[in-house]
Amino acid sequence: MKSKVAVLFSRDYEEEAVYERIRAGFQLLGGADTFYKEGEHLLLKPNLVRGAAVERAVFTHPAVVTAVARVLWEAGCKNLQCGDSCGIGQAEKIMRDSKMLSGLAPYGVKTVDFSREQQVQYENGGQKLEFAMAKPVCEADGLISISKMKTHALEHITGAVKNQYGCIAGLNKAKGHTRYPNADSFARMLIHLNQCISPRLYIMDGITAMEGNGPTSGDPVPMGLLLMSRDPIALDSTFARLVHLNPEYVPTNVHGETMGLGTWHTEDIELVTEQGPITMENLVKTHGNPDYNVDRTRSRGSGILSKIGFLRIFQKKPYIDPDKCRKCGICVESCPVDGKALTFAKGPKTPPVYNYQKCIRCFCCQEMCPHKAISVR
Ligand code: SF4
Ligand code: SF4
């Protein structure tokens, strides 16, 4: 059977229009009431990586999260929660500042604290993993993932699959990068994590996406659509096709299909819209963006290649723009490597300095810099 991806078109975040699109998306996937059973608690998991002006497209737009809550609430699901483990800051503050909290209030949505953690053992295909999961994820009956369409330095894109990394509690996220230090191992861990959590539905906010230096320092770009699917690999590969990126170059797509989470192959994906079915070719022709600024090269320096020392010179590296750097030190704090791979080696009044021998290319520093001072090249 093919994986169904619902594609909904919306030019902006006008609340009623977004609500209508999300409602239609649920209907195209079988109806909102098929995603929960009576009395269950559902957890909404937006991408709230860190606070910023809503227009910068750093996190899932409040109108999308509110629309999802409203559709589920109207379908009878009265026990809704919302939370995320942010990179910087507190989810509740980001939700309050962006007015997401006030939007969710009429639907009784409770905010939950993702800093409380619970160790979860997970075994699959002979592999044993342990996740320091945010407790609300374990306590909920089901999770609805509401990601943002963005670029990502390590995995090319961040979308349906990557969104669940925010289910890992607090500082454990940084530690995960040292345990899974390249794009392939990190992607495989993400697939296990998704299989462990098993979100009931994946929604992607791509009305305004982020391109370029994502996932937090890029530029907003209008894409005008929302994607919804039970298959996160089909959803992410539809995103990839829309931005003219070969879905096979996205490690989470390749490992996701091999490990049985979903499919990235176009012939195995059924695209549905409010206007009827559409082929991938036509969708890309009518709504794709060939100019979307994303790395379209195959990932290098992962797997076996990363073990061959001299090939590290071909790997992408993070660089600090001294004119933009405000010496806040957040990049240094976020570096997960023991002894740090970037430090204020030249003093606190000069931008931090990289030790590329130590650097594992996790790009946490680039992701967390609040002043767009770090780029990956
Ligand atoms: S986080 Fe950004 S602005 Fe702050 S010290 Fe690092 S590079 Fe400079
Ligand atoms: S310096 Fe940046 S990219 Fe390198 S290991 Fe530290 S956080 Fe990761």
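Residues of segment 112-130 include at least one that is at negative phi, surrounded by fewer than 22 Cβ atoms within 10 Å (Cβ to Cβ), in contact with a Phe, Trp or Tyr (Cβ under 6 Å, 6 or more places away or on another chain) and in contact (Cβ under 8 Å) with a residue 60 or more places away in the chain. Of all residues in segment 142-184, those satisfying the criterion of being touching a residue at least 40 places away in the same chain (Cβ under 8 Å) and among the basic types (Lys, Arg) are Lys148, Lys150, Lys162, Lys173, Lys175. Listed conditions (1) among the aliphatic types (A, V, I, L, M); (2) surrounded by fewer than 24 Cβ atoms within 10 Å (Cβ to Cβ); (3) closer than 30 Å to Cys328 by Cβ are all met by Met100, apart from (2).
Matching residues to (1) under 15 Å from Met1 (Cβ atoms); (2) without any contact (Cβ under 8 Å) to a residue 12 or more places away in the chain; (3) surrounded by 21 or more Cβ atoms within 10 Å (Cβ to Cβ):
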{"site": "Gly218", "(1), (2), (3)": "no, no, yes"}
{"site": "Leu226", "(1), (2), (3)": "no, no, yes"}
{"site": "Ser229", "(1), (2), (3)": "yes, no, yes"}
{"site": "Leu235", "(1), (2), (3)": "no, no, yes"}
{"site": "Asn253", "(1), (2), (3)": "no, no, yes"}
{"site": "Thr266", "(1), (2), (3)": "no, no, no"}
{"site": "Leu271", "(1), (2), (3)": "yes, no, yes"}
{"site": "Gln275", "(1), (2), (3)": "no, yes, no"}
{"site": "Asn282", "(1), (2), (3)": "no, yes, no"}
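In the set Ala140, Ala209, Ala153, only one residue is in the same structural domain as Gly89 (by TED's automatic domain parsing), closer than 21 Å to Leu242 by Cβ, at pLDDT 95 or above and not charged (D, E, K, R); that residue is Ala209.
Residue count for segment 219-250, restricted to those that are within 14 Å of the chain's Cα centre (by Cα) and over 26 Å from Leu29 (Cβ atoms): 0.
For segment 183-195, the count of residues that are crowded, with 24+ Cβ neighbours inside 10 Å and in a loop (DSSP other than H, G, I, E, B) is zero. Restricting Met133, Met95 to those that are among the hydrophobic types (A, V, I, L, M, F, W, C), surrounded by 14 or more Cβ atoms within 10 Å (Cβ to Cβ) and touching a strand residue (DSSP E or B) at 6+ places or on another chain (Cβ under 6 Å) reduces the list to Met133.
When each of Gly347, Gly329, Gly339 is tested for being near ligand 1 (Cβ under 10 Å from one of its atoms) and assigned by TED's automatic domain parsing to the domain that holds Cys369, the lone residue that passes is Gly329.
Can you confirm whether Cys359 is at pLDDT below 95, within 16 Å of ligand 1 (Cβ to nearest atom) and either among the hydrophobic types (A, V, I, L, M, F, W, C) or surrounded by 12 or more Cβ atoms within 10 Å (Cβ to Cβ) (or both)? No, not satisfied.
If we scan segment 78-88, do we find a residue that is over 27 Å from Ile157 (Cα atoms) and either hydrophobic (A, V, I, L, M, F, W, C) or not assigned by TED's automatic domain parsing to the domain that holds Ala17 (or both)? The answer is yes; a qualifying residue exists.
Conditions tested, residue by residue: (1) under 30 Å from Gln366 (Cα atoms); (2) surrounded by fewer than 17 Cβ atoms within 10 Å (Cβ to Cβ).
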site	(1), (2)
Val5	no, no
Glu15	no, yes
Ile22	no, no
Asp33	no, yes
Asn47	yes, no
Thr66	yes, no
Glu74	no, yes
Cys82	yes, no
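Within segment 342-360, the set of residues being under 19 Å from His177 (Cβ atoms) and either of a type in the set (Asp, Glu) or in contact with a strand residue (DSSP E or B) (Cβ under 8 Å, 6 or more places away or on another chain) (or both) comprises Leu342, Thr343, Pro352, Tyr354, Asn355, Cys359.
Could you check segment 1-108 for strands (runs of 3 or more DSSP E) lying wholly inside it with 2 or more residues that are closer than 24 Å to Leu261 by Cα?
3-9, 41-46
The values are calculated or read from the model by the stated rules, or taken from the named source; none is laboratory data. Here the structure is a predicted model, which is why all the values come from computation and not from measurement. Heads up, the Cβs are rebuilt from the backbone with ideal geometry, glycines too, and the neighbour counts pull from every protein chain shown.
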